[in-house]
Structure formats: structure tokens, C-alpha cells
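To keep things clear, I will list the structure first and then write my remarks on it.
The values are calculated or read from the model by the stated rules, or taken from the named source; none is laboratory data. All of these numbers come straight from a predicted model, not from anything done at the bench. For neighbour counting, all protein chains shown are included, and Cβ atoms are generated from backbone atoms with ideal geometry for every residue, glycine included. Just so you know, the surface numbers come from the protein's heavy atoms only, side chains and all, with ligands and any DNA or RNA stripped out. Shrake-Rupley method; radii C 1.70, N 1.55, O 1.52, S 1.80 Å.
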Amino acid sequence: MAETLITLKTRRSCRAYKPEHVEDEKLNAIIEAGTYAATGMGKQSPIILVVKDQKVRDKLAKINADVMGAEIDPFYGAPELLVVLANKEIPTYIYDGSLVMGNMMNAAADLGIASCWVHRAKEEFESEEGKAILKEYGVEGDYEGIGNLILGYAAEPADVAALRKADYVFKI
């Protein structure tokens, strides 16, 4: 079976990370994979925030946890955070951003890096704090948060994929 199909079948979300950072070469490859995601009419509506500043990461984690009404680290201690946002002026922006997230998760798995899509990026960047972060870093435009992608080395082995449901596919 092609390596791509093996990666797609074995990638799992990770919620426990080692503290070691991902090497820049691997992180850059994951980000580049995101930039090659298909987008509606090739408009490339998404952007990727590479959050290296621990204070910004912690602020986003707090906003995210507040949305949940929980006092936890919604990023599970992962050492790397990428945030995908997309330009709401493009009709396909949600799909475009979702494909960027998928490309990066699969590229990470291929490189031996664990990942998890953490939701509530929309609410993070609708908040005044989130808008201020974008402004501070020069992000202009009408962007909506699509997802937070946490990355790192898994603290424990991934689970085996659940069996696929019997009525997943209908052939017409």
C-alpha cells in the first residue's frame, strides 16, 4: 500500500506530549504542507499563525479554556501551536482552512510528529484579546479562526484506529 494511505490510516489525535520541541526542519515541512492544501478557485484564503511566544500560546490557551468553561490546558502541554484562520470574504474559507489543517496533520504524522486539532479557534479570535493578538502581529483582514493545531512528540503510543462503521460508504 502507498505510504500516503498508511499515514492516513494510522494517524491519530494525541493528547499527551513530551516537552521536546519539534525540529525546525520538520515544523517548516509541516507548515509548507499546509500551504499546498487545495483551496476554492485557488484563492488561498487561509493563513497560518506559528505561535512561538509562550505568553501568546498561554493567552490563547486561556481564551480557549474560558470558551469551554474549564480550567485546563486545552493544548495538552504540546510544545508547538499552529493556528489556521481564513478570510471570510472567500465563500469557501471554512473548507479551505479545514484542508490546511488536514494537510498539516497528515504531514506531521508522516514525519513522526503527533498532532491534534483543537477547536474553538473561531471563538478565540472573535474575542477582543484574540483580535488584539492579530493586530499586534500585523494580521489584517476579516479572518475567522478555523482550528488550533498542536504538535509535538507523543508521550505514549497512539491507539489503533477504531473499526470503520459498516454504512460509511454508499455506492450509487
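Assorted remarks:
- Screening ALA132, ALA107 for residues that are free of Cβ contacts under 8 Å to residues at least 12 places away in the same chain and either open to solvent by less than 80 Å² (accessible area, probe 1.4 Å) or part of a loop (DSSP other than H, G, I, E, B) (or both) leaves exactly one candidate, ALA132.
- Applying the set (1) more than 19 Å from LYS52 (Cβ to Cβ); (2) in a loop (DSSP other than H, G, I, E, B); (3) of a type in the set (A, V, I, L, M, F, W, C) to ALA86 leaves exactly one unmet item: (2).
- When restricted to residues that are assigned to a helix (DSSP H, G or I) and not hydrophobic (A, V, I, L, M, F, W, C), the range 110-126 contains 5.
- Checklist (1) closer than 17 Å to LEU149 by Cβ; (2) more than 13 Å from the chain's Cα centre (by Cα); (3) among the hydroxyl-bearing types (Ser, Thr, Tyr) applied to THR92, failing item: (1)
- Matching residues, the range 32-51, being more than 19 Å from GLY141 (Cα to Cα) and either open to solvent by 30 Å² or more (accessible area, probe 1.4 Å) or in a helix (DSSP H, G or I) (or both): GLU32, ALA33, GLY34, TYR36, ALA38, MET41
- Inside the range 8-26, residues that are touching a Phe, Trp or Tyr at 6+ places or on another chain (Cβ under 9 Å), of a type in the set (D, E, K, R) and open to solvent by less than 100 Å² (accessible area, probe 1.4 Å) make up a count of 2.
- So LYS59, is it more than 16 Å from the chain's Cα centre (by Cα) and either part of a loop (DSSP other than H, G, I, E, B) or surrounded by 16 or more Cβ atoms within 10 Å (Cβ to Cβ) (or both): yes
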